[in-house]
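Visitor: Quick one: the structure is below, and I'll ask about it shortly.
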Amino acid sequence: MRLVLLGLPGAGKGTQAQTLAQAHNLSQLSTGDMLRAAVAADTEIGREVKDIMARGDLVPDRLVIDIIGDHMSSPACANGFILDGFPRNVPQAEALDKMLEEKGIELDAVLELVVDTDILGDRINSRIAAQPDSARSDDTETTLIQRIKVYQEQTAELVTYYEAKGLLKRVDGMQEIGSVTQQIEAVLGV
Ligand code: AMP
């Protein structure tokens, strides 16, 4: 199974990706997690993206496309994967299409976790409260506003992109975590 998860910051992509990955033996490919690890390890990429991430902007496409390309070729992805946070714009989606085509594989579905923007602020605030101080330096009010803006300006159009390919499935992301998982499994038929 090969999936893409779309949804505003705080929609629950990470939580659902992790649960689905464990339950169905898939690899969770979170570009956000990979980039945060690079920042924490102070690698060359980490130094390049640190400030961009702290502002809530998107890091250069070539970086995430390379990272995802490397991971998709790894044996851990043989049984399938869930892309969590990638693609974030149309050029990334086109690059993904090309990578999949080269590997002779296809996406099974693109899940959009639909949430109410008013309630997102509360969710993110709980996430900040639940994590150690340094866990996510981009979980601040100002960064969140910028991340939502970036989503609306660049990522939201992927809904139309994948709808046109007949891959889009919408799930109500405002339900309890377990019900969202059940809805996802129901729409996927797994
Ligand atoms: P996330 O954990 O998915 O919310 O990502 C956290 C931050 O990492 C984003 O605000 C971006 O700065 C960066 N990022 C993650 N994935 C991507 C991507 N596919 N393209 C560009 N930037 C990304």
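We did not get these values from a lab; they are worked out from the coordinates using the rules stated. Fair warning: this is a prediction, and the values are worked out from it, not measured in the lab. Here the Cβ is made from the backbone with ideal geometry for all residues, glycine too, and neighbour counts use every protein chain on show.
Visitor: Where the centroid of each part is defined by its Cα atoms, how far is the range 4-66 from the range 69-92 in Å?
Guide: 11
Visitor: What net charge is computed for the residues neighbouring Val110, neighbours being all others with C-beta under 15 Å from the C-beta of Val110, Lys and Arg scored +1, Asp and Glu -1?
Guide: Numbers: positive: Arg2, Lys13, Arg88, Lys165, Lys169, Arg170; negative: Asp84, Glu94, Asp97, Glu106, Asp108, Glu112, Glu157, Glu163.
For residues surrounding Val110, the net value is -2.
Visitor: May I pose another question? What are the lysines whose alpha-carbon lies under 19 Å from the alpha-carbon of Lys103, with same-chain residues fewer than 8 places away excluded?
Guide: Lys165
Visitor: Moving to a separate point now. How far apart, in nm, are the 7 Å Cα→Cβ label points at Ala76 and Asp61?
Guide: Taking the two extended label points, one gets 2.6 nm.
Visitor: Sort 28-41, 67-80, 4-17 for me by packing, meaning the mean count of neighbouring Cβ atoms within 10 Å per residue, highest on top.
Guide: Details: 28-41: 18.1, 67-80: 14.1, 4-17: 23.3.
Ranked from most to least packed, the peptides come out as 4-17, 28-41, 67-80.
Visitor: Further question: When only C-alpha pairs under 8 Å and at least 6 residues apart count, what is the relative contact order of the range 42-190, in percent? Each step should come with its number before you reach the end.
Guide: Details: 101 pairs, mean separation 48.7, N = 149.
Computed value for the range 42-190: 33 percent relative contact order.
Visitor: Then there's this: Suppose only helical runs count, i.e. DSSP H with n ≥ 4. What mean residue ellipticity at 222 nm does that imply for the chain under -39500 (n - 2.57) per run, divided by all residues and rounded to the nearest 500 deg cm²/dmol? Don't skip to the answer; put the middle values down first.
Guide: Numbers: 9 runs with 104 residues, N = 190.
That calculation yields -17000 deg cm²/dmol at 222 nm.
Visitor: Using a Förster distance of 22 angstrom, determine the FRET efficiency expected from the C-beta separation of Glu106 and Thr15, and round it to 0.05. Numbers along the way, then the final one.
Guide: On the way: r = 26 Å, r/R0 = 1.17.
Result of the calculation: an efficiency of 0.30.
Visitor: Each residue of the range 34-42 in turn: what ³J(HN,Hα) in whole Hz from Karplus with 6.51, -1.76, 1.60 and θ = phi - 60°, glycine and Pro shown as x?
Guide: 5, 5, 4, 5, 5, 5, 4, 7, 6
Visitor: Give a residue-ordered list of calculated ³J(HN,Hα) values for the range 88-104 (Karplus: 6.51 cos²θ - 1.76 cosθ + 1.60, θ = phi - 60°; whole Hz; x for Gly, Pro).
Guide: Whole-Hz 3J(HN,Hα) from phi for the range 88-104: 10, 7, 5, x, 5, 5, 5, 5, 4, 4, 5, 4, 5, 4, 4, 8, x.
Visitor: Subtracting the Cα-Cα distance from 0.36 nm times the residue separation, let me have the gained length for Gln152 to Asp172 in nm, one decimal. The partial results should precede the final answer.
Guide: Values: separation 20, 0.36 × 20 = 7.20 nm, distance 1.79 nm.
Between Gln152 and Asp172, full extension yields an extra 5.4 nm.
Visitor: Modelled label-to-label distance, Ala54 and Gln131, 7 Å Cα→beta-carbon offset: nm?
Guide: Each label point is offset 7 Å from its Cα along the Cβ direction, giving 1.5 nm.
Visitor: Using 0.36 nm per residue, how much length does the chain from Glu141 to Glu94 gain when fully extended, once their Cα-Cα distance is taken away?
Guide: Numbers: separation 47, 0.36 × 47 = 16.92 nm, distance 3.13 nm.
Separation in residues times 0.36 nm, less the Cα-Cα distance, equals 13.8 nm.
Visitor: Also, I was wondering about something else. Pull out a ≥ b ≥ c, the square roots of the eigenvalues of the alpha-carbon gyration tensor of the range 1-111, then state rounded if a/c is under 1.5, prolate if not and a/b is larger than b/c, and oblate in the remaining case.
Guide: Verdict is prolate for the range 1-111.
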